[in-house]
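Take a look at the structure set out below.
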Amino acid sequence: MRRWLLMILPTVVWAQQELVVPPGQVDLDDVWCTMCHEEQGEDFGQGVHYQRGLLLCNDCHGGDTDEAREEGAKAPETGFIGKPAREDIAGICARCHKGPAEFFRMGPHADPADRDNPTCITCHQNHNVADATLTLMDTTCAVCHGGEDDVALERATGIQLALREAEQNLHVVAARFDSLGQIDAGLQRSAGLLAGAGASLRQVEARTHSLDMEIIDESVAAVDEEIAAVQQLLDESEASRRYRRWAVGGVWVFVVANVTLFWMKRRQL
């Protein structure tokens, strides 16, 4: 029935387009909200929340996505709130993104009453949500801040540089760990240290919402210490392998020397 309705409604253009439905996710053709909100549905279908199978319309807006009748879909008992108020946006996002929301409240953008302040959806969008990466700051910060002497842009650049350097260091150590792990099985017992450094770096990414360089620098320094601990283990592994090679080489020199000496004595006899 739903498919037939979509075919006879020319306004629902997005439903005719090919959409990759992630495993375990609901096909948006079967979500009644998109019958009226086709543009929002199209954007949502391309966003990271839908593509990763995380959310549907009712997770943020309330309501019943399986109910065809508007009065039923938006009934009070469904928890329908419609478009969230500006001051409620951070709280709704915080249901899943507790860390970023906590640090956002510590930053200069926290007051929703200030109309010049961004909210979560100003930078991340509301339906077509992009994956949160450092490159997002290249475009979002410049919307409100500009000029070579803009302190806010300098701070954003400093945050990007600090995290990118930490990411690069972690990548290098991870590649070295994988390489040495092929010849030193004992290193796998220390894989938790490497995973811990990665988890700590992800926590730093949440703290960028505070836009506080002191917090971020301290956090990156802690990650660097964890990376350094992994590097030390790798250095010890390589040093141990070099020692074993020298030891084996010494044994062979000893054996060859004794065999040669024995052979020479036999010739003398």
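The values are calculated or read from the model by the stated rules, or taken from the named source; none is laboratory data. Computed from a prediction, not measured in an experiment: that's the story for all the values here. As a convention, Cβ positions derive from the backbone with ideal geometry for all residues, glycine included, and neighbour counts pool all protein chains shown. Only protein heavy atoms, including side chains, enter the accessible area calculation; ligands, DNA and RNA are left aside. Shrake-Rupley method; radii C 1.70, N 1.55, O 1.52, S 1.80 Å.
For ALA206, the conditions (1) in a helix (DSSP H, G or I); (2) open to solvent by 40 Å² or more (accessible area, probe 1.4 Å); (3) under 24 Å from ALA222 (Cα atoms) are fulfilled apart from (2). Just one of the numbered conditions (1) closer than 30 Å to LEU201 by Cβ; (2) of a type outside the set (Val, Ile, Thr); (3) open to solvent by less than 30 Å² (accessible area, probe 1.4 Å) is not true of ALA73: (1). Among the residues of the stretch 38-58, is any more than 20 Å from ILE121 (Cβ to Cβ), at pLDDT below 95 and open to solvent by 60 Å² or more (accessible area, probe 1.4 Å)? No, because not a single residue in the stretch 38-58 is more than 20 Å from ILE121 (Cβ to Cβ), at pLDDT below 95 and open to solvent by 60 Å² or more (accessible area, probe 1.4 Å). Contact map, the stretch 35-55: first residue farther than 24 Å from ARG69 by Cβ, second residue open to solvent by 60 Å² or more (accessible area, probe 1.4 Å), Cβ cut-off under 6 Å, separation 6 or more or different chains; pairs are VAL48/ASP131; GLY53/GLY24. Could we say that THR157 is open to solvent by less than 30 Å² (accessible area, probe 1.4 Å), out of contact with any Phe, Trp or Tyr (no Cβ under 6 Å at 6 or more places or on another chain) and without any contact (Cβ under 8 Å) to a residue 40 or more places away in the chain here? Considered against the rule, which asks whether it is open to solvent by less than 30 Å² (accessible area, probe 1.4 Å), out of contact with any Phe, Trp or Tyr (no Cβ under 6 Å at 6 or more places or on another chain) and without any contact (Cβ under 8 Å) to a residue 40 or more places away in the chain, THR157 comes out as no.
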